[in-house]
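Below is one structure; the comments refer to it alone.
The values are calculated or read from the model by the stated rules, or taken from the named source; none is laboratory data. Quick caveat: nothing in here was measured; it's all calculated off a predicted structure. For neighbour counting, all protein chains shown are included, and Cβ atoms are generated from backbone atoms with ideal geometry for every residue, glycine included. Only protein heavy atoms, including side chains, enter the accessible area calculation; ligands, DNA and RNA are left aside. Shrake-Rupley method; radii C 1.70, N 1.55, O 1.52, S 1.80 Å.
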Amino acid sequence: MKKSLILLIISAFSSVCYADAADWTPLLESMKKGCSVDSEALPYGKSDIGKLPAQYRASVARSHSRQTASDGEVLTIELKNSVAFGQPLSALVIETNEGYGYVKMKFARNADVSKLIPLFTTPTDKRHGMLAAGRAQNFCVKGANGTLKQYQSSQHHWRTVSSDGPWQEFRYHPKERALSCLSSDHYGDEVECTR
């Protein structure tokens with residue numbers, strides 16, 4: 001009886017903690033479909049953090065940015081009392097450059113990140129349906145205008161590459177308890193499909 005009461009109290013306290021947390025899901029929701037990143041919603045520089053709504057600004061513990069070798073910028077936002085997709089979120093890493101975007105969501109130690117992996121998918125065609133991480137696949141689809149799209153997936157990632165440019169990748173980083181999305185329009189030459 002005592003154990004049940006203690007577990008009930010702990011469970012209620014955990015729910016209350018998440019209820020007061022800043023929920024970053026609305027800003028990251030677009031990533032679930034094809035790793036599309038909402039560039040209007042997320043901050044891409046330290047100065048953009050100040051433009052976020054108050055609930056998100058209050059959840060920022062600290063942030064720092066650095067330039068990349070290719071003249072891009074990497075912004076790291078360490079978070080406190082934050083969640084995304086129902087799991088405790090500890091940091092966001094956002095990298096931008098012309099024609100390139102990368103967002104990594106780092107989750108807290110107590111997060112069950114594996115529950116989130118199936119949420120991140122990309123549409124393929126009528127025959128193959130949605131592509132998600134978890135099952136090894138590698139196939140090509142020829143579009144109506146002659147473009148080729150290659151779809152690949154494995155236990156921890158999926159990616160799509162198109163012969164006309166756009167490239168998206170979703171990846172699960174188990175050691176970091178992180179999920180990332182990359183989107184670029186510079187890698188169409190990586191398609192490994194026969195024409």
Inset, instruction - Could you tell me the number of lysine pairs in the range 60-195 with C-alpha atoms less than 20 Å from each other, where the two lysines are 8 or more residues apart or belong to different chains? - result: 9
Legend entry - Spatially proximal aspartates and glutamates relative to K33 (Cα-Cα < 12 Å; intrachain offsets below 8 disregarded): E169
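With a cut-off of at most 12 other beta carbons within 10 Å, and DSSP calling the residue loop, which trypsin sites (Lys or Arg not before Pro) in the range 90-142 qualify? Please list them.
Numbers: sites: K104, K106, R109, K115, K126, R127, R135, K142; in loops: R109, K126, R127, R135.
Answer by residue number: R109, K126, R127, R135.
Please give me the summed charge of the neighbours of F85: other residues whose Cβ is under 11 Å from its Cβ, Lys and Arg +1, Asp and Glu -1. Present the calculation step by step, with values, prior to reporting the outcome.
Details: positive: K32, K115; negative: D23, E29, D112.
Charge balance near F85 sits at -1.
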Inset, instruction - Express in nm, to one decimal, how much length is gained between N97 and K115 on full extension, taking 0.36 nm for each residue of separation and deducting their alpha carbon distance. - result: 3.4 nm
Inset, instruction - Rounded to the nearest 500, what is the 222 nm mean residue ellipticity of the chain from helices alone, with -39500 (n - 2.57) per DSSP H run of 4+ residues and division by all residues? - result: -4000 deg cm²/dmol
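Excluding A61 itself, what net charge comes from residues whose Cβ is under 12 Å from its Cβ, given Lys and Arg +1 and Asp and Glu -1? Working shown, then result.
Working: positive: R57, R62, K80; negative: E78.
Taking every other residue near A61 into account, the sum is +2.
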Legend entry - Over the chain: Kirkwood hydrodynamic radius from C-alpha pairwise inverse distances, Å: 18.2 Å
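Just the number, please: carbon plus sulfur as a percent of the accessible area of the chain, 1.4 Å probe, no ligands or DNA/RNA counted. Intermediate results must be reported in sequence, preceding the final value.
Numbers: 5700 of 11060 Å².
Carbon plus sulfur share of accessible area: 52 percent.
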Inset, instruction - Treating the angle as unsigned and between 0 and 90°, give the value, to the nearest 10°, between the Cα long axis of helix 2-19 and the longest Cα principal axis of the chain. - result: 60 degrees
Inset, instruction - Count charges around S180 for me, please; just the other residues with Cβ under 14 Å from its Cβ, Lys/Arg as +1, Asp/Glu as -1. - result: +4
Legend entry - Whole-angstrom gap from the range 105-142 to the range 50-66, using each part's C-alpha centre: 29 Å
Inset, instruction - Would you please report the Å³ per residue occupied by the convex hull of the alpha carbon atoms in the range 66-130? - result: 118 Å³
Inset, instruction - Could you go through the range 47-56 in sequence order and give the Karplus-derived ³J(HN,Hα) for each residue, using 6.51 cos²θ - 1.76 cosθ + 1.60 with θ = phi - 60°, rounded to whole Hz, and x for Gly and Pro? - result: 5, 6, 4, x, 8, 5, x, 3, 4, 7
Legend entry - Estimated distance in nm for a label pair at N145 and I49, the labels positioned 7 Å out from Cα along Cα-to-Cβ: 4.1 nm
Legend entry - Computed over the chain: relative contact order in percent, which uses C-alpha pairs under 8 Å that are six or more apart: 16 percent
Legend entry - Per residue value of the accessible surface for the range 78-117 (all protein chains in place, 1.4 Å probe), Å²: 42 Å²
